[in-house]
1. Quick check on this structure: which one of Ile151, Ile173 is farther than 19 Å from Ile22 by Cα and of a type in the set (Val, Ile, Thr)?
2. Across segment 115-139, which residue is nearest to Ala80 (Cα to Cα) among those that are polar (S, T, N, Q) and assigned to a loop (DSSP other than H, G, I, E, B)?
3. Considering segment 140-161 alone, what residues qualify as being within 26 Å of Asn26 (Cβ to Cβ) and open to solvent by 40 Å² or more (accessible area, probe 1.4 Å)?
4. Among the residues of segment 157-175, how many are among the aliphatic types (A, V, I, L, M) and touching a Lys or Arg at 6+ places or on another chain (Cβ under 8 Å)?
5. Could you list all residues from segment 27-44 that are in contact with a Gly (Cβ under 7 Å, 6 or more places away or on another chain) and either farther than 24 Å from Lys179 by Cβ or open to solvent by 40 Å² or more (accessible area, probe 1.4 Å) (or both)?
6. Which of the residues spanning segment 45-64 are outside any helix (DSSP H, G or I) and either open to solvent by 50 Å² or more (accessible area, probe 1.4 Å) or under 26 Å from Arg158 (Cα atoms) (or both)?
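The values are calculated or read from the model by the stated rules, or taken from the named source; none is laboratory data. The structure displayed is predicted, hence computed values, not measured ones. Please note: Cβ atoms are built from the backbone with ideal geometry, for glycine as well, and neighbour counts cover all protein chains shown. Note: areas computed on protein heavy atoms with side chains; ligands, DNA, RNA excluded. Shrake-Rupley method; radii C 1.70, N 1.55, O 1.52, S 1.80 Å.
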Amino acid sequence: RDWSSDVCSSDLMTILHIDSSILGENSVSRDLTAAIVAELTAKGDQTVLRRDLADAETEAAFDGDPVEQLMSADTLVIGAPMYNFAIPHQLKAWIDSIAVAGKTFQYTAEGPQGLAGGRHAIVVYASGGVHDGTTDFVEPYLRQVLGFIGITDVTVLRVEGVAISPEARSKAINDARAKVPGLVESIAA
């Protein structure tokens, strides 16, 4: 099944690349998810499944099962900008579509059990301000929901302060980009 025009052939690893920012070319999270996917695919032929949750035309044309797409992936690369202290509604809708009892989790006598384990998730968390942990609902929420479906191997690349000034934006992006090779190397090990 072809989920996007970015699909490559490979038996090595399948990467599910998800963007949710509405900012297009001005999006920090999109820029960095693309850098991470480029670094991951530079290591060899990979299959990349692409979901642009903020592109209504692309999403309307999507004819696959989001759960099937998730379960076929080894690595998730998720762009998660902070909008009003939370994730964009497009990303929340995708999460609602993949958190399905009997498919990605199940209820047991001991409590819920995730069925999507064995995957690694890399989350690019971008925010205009710098948050002290008391106003950050993005990272805790994503760790909770991914953990609920069994994905506990989660790496978060935080890019904060991008709306403070052009200099702060540039520094935050450059600092985050410099971390990408090491981040990819650490999950590949």
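1. Ile151
2. Going through the qualifying residues, I end up with Thr135.
3. Across segment 140-161, the qualifying residues are Tyr141, Arg158, Glu160.
4. Residues that pass the stated criteria total 3.
5. Passing the criteria: none in range.
6. Within segment 45-64, Asp45, Gln46, Thr47, Val48, Leu49, Arg50, Arg51, Asp52, Leu53, Ala54, Asp55, Asp63 qualify.
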